[in-house]
Amino acid sequence: MSTSDDFVVITGGPGAGKTTLVDELQRRGFPCIPEAGRRILQDQITVGGQARHEADSLLFAELMLSWDMCSHREATRQAGTVFFDRGIPDVVGYYLLLGQPIPAHVTAAAQKFRYHRRVFLAPPWPEIYTRDRERTQDFDEAVRTHDAMAEAYTRHGYRLISLPRTDPDSRVAFILQRLPPQPEN
């Protein structure tokens, strides 16, 4: 059974290679938790729902929070290190991006559902950034999202480690060289 010290988050703005990296970690046999936002958007688009960034962003935030809390609980059933494509503090970052007050229950969730103190942050990367059916933000918004995520995780006491802009294999090596985490004095 995993504990929050085994939960490693990879975060950042959209289009920075997070999901490709998490997919590569999963291919190598690590348990991985997919990003809530993309899954929710896929479902909402399929059914014509309003819980989308460009429609009802606050409803979208609530669904992401619910998904992420459920994913956190489910991850405790895994053994060893579990990688997360985003975490609950990303919802805090989303409120920051929107310029909205952060609801008390969102702050409480970010404090209660914890991850490893080191969080890997994928920097904005214009050379690989693309839009698609779910990723409708322009690159400037992707940069603002990155900054909001960095702020959210920092507010909640996490130490950010910036990922290099390199191929997925090198990014995996970069992360694995930093795991298992050594106690810090």
**Fill in**
Within region 134-152, restricting to residues that are over 17 Å from Gln100 (Cα atoms) and part of a helix (DSSP H, G or I), the one that is modelled with the highest pLDDT is Val143
**Asked** In region 155-167, is there at least one residue being surrounded by 16 or more Cβ atoms within 10 Å (Cβ to Cβ), modelled with pLDDT under 95 and on the phi < 0 side of the Ramachandran plot?
**Response** yes
**Request:** Considering (1) under 22 Å from Val9 (Cα atoms); (2) more than 15 Å from the chain's Cα centre (by Cα); (3) among the hydrophobic types (A, V, I, L, M, F, W, C); (4) modelled with pLDDT of 95 or more, say which one Leu63 fails and leave the rest.
**Result:** (2)
**Request:** Scan Ala108, Ala79 and give me the residue that is closer than 19 Å to Ile10 by Cα and either in a helix (DSSP H, G or I) or touching a residue at least 60 places away in the same chain (Cβ under 8 Å) (or both).
**Result:** Ala79
**Message:** Quick check on region 41-59: of everything there that is modelled with pLDDT under 95 and touching a Lys or Arg at 6+ places or on another chain (Cβ under 9 Å), which residue is farthest from Asp90 (Cα to Cα)?
**Reply:** Ile45
**Fill in**
Reported set for region 5-36 where residues are without any contact (Cβ under 8 Å) to a residue 60 or more places away in the chain, assigned to a helix (DSSP H, G or I) and buried (at least 23 other Cβ atoms within 10 Å of the Cβ) is Ala36
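A quick yes/no check of all residues on (1) at positive phi; (2) of a type in the set (A, V, I, L, M); (3) crowded, with 18+ Cβ neighbours inside 10 Å; (4) in a loop (DSSP other than H, G, I, E, B):
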position: Ser66; (1), (2), (3), (4): no, no, no, no
position: Cys70; (1), (2), (3), (4): no, no, no, no
position: Ile102; (1), (2), (3), (4): no, yes, yes, yes
position: Leu121; (1), (2), (3), (4): no, yes, yes, no
**Prompt:** Which residues, taken from region 82-100, are over 16 Å from the mean Cα position of the chain (by Cα) and either among the β-branched types (Val, Ile, Thr) or assigned to a loop (DSSP other than H, G, I, E, B) (or both)?
**Reply:** Gly99, Gln100
**Prompt:** Quick one: is Arg52 buried (at least 16 other Cβ atoms within 10 Å of the Cβ), in a loop (DSSP other than H, G, I, E, B) and among the charged types (D, E, K, R)?
**Reply:** yes
**Complete:** Picking from Arg77, Arg38, the residue that is within 12 Å of the chain's Cα centre (by Cα) and at pLDDT below 95 would be Arg38
**Asked** Is it fair to say Arg86 is on the phi > 0 side of the Ramachandran plot and either in contact with a strand residue (DSSP E or B) (Cβ under 8 Å, 6 or more places away or on another chain) or not polar (S, T, N, Q) (or both)?
**Response** yes
**Fill in**
Filter region 77-128 for residues that are among the aromatic types (Phe, Trp, Tyr) and touching a Phe, Trp or Tyr at 6+ places or on another chain (Cβ under 7 Å); the one that is nearest to Ser170 (Cα to Cα) is Phe83
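The values are calculated or read from the model by the stated rules, or taken from the named source; none is laboratory data. Keep in mind it's a predicted model, so treat the numbers as computed, not measured. Cβ: placed from backbone, ideal geometry, glycine included. Neighbour counts: every protein chain shown.
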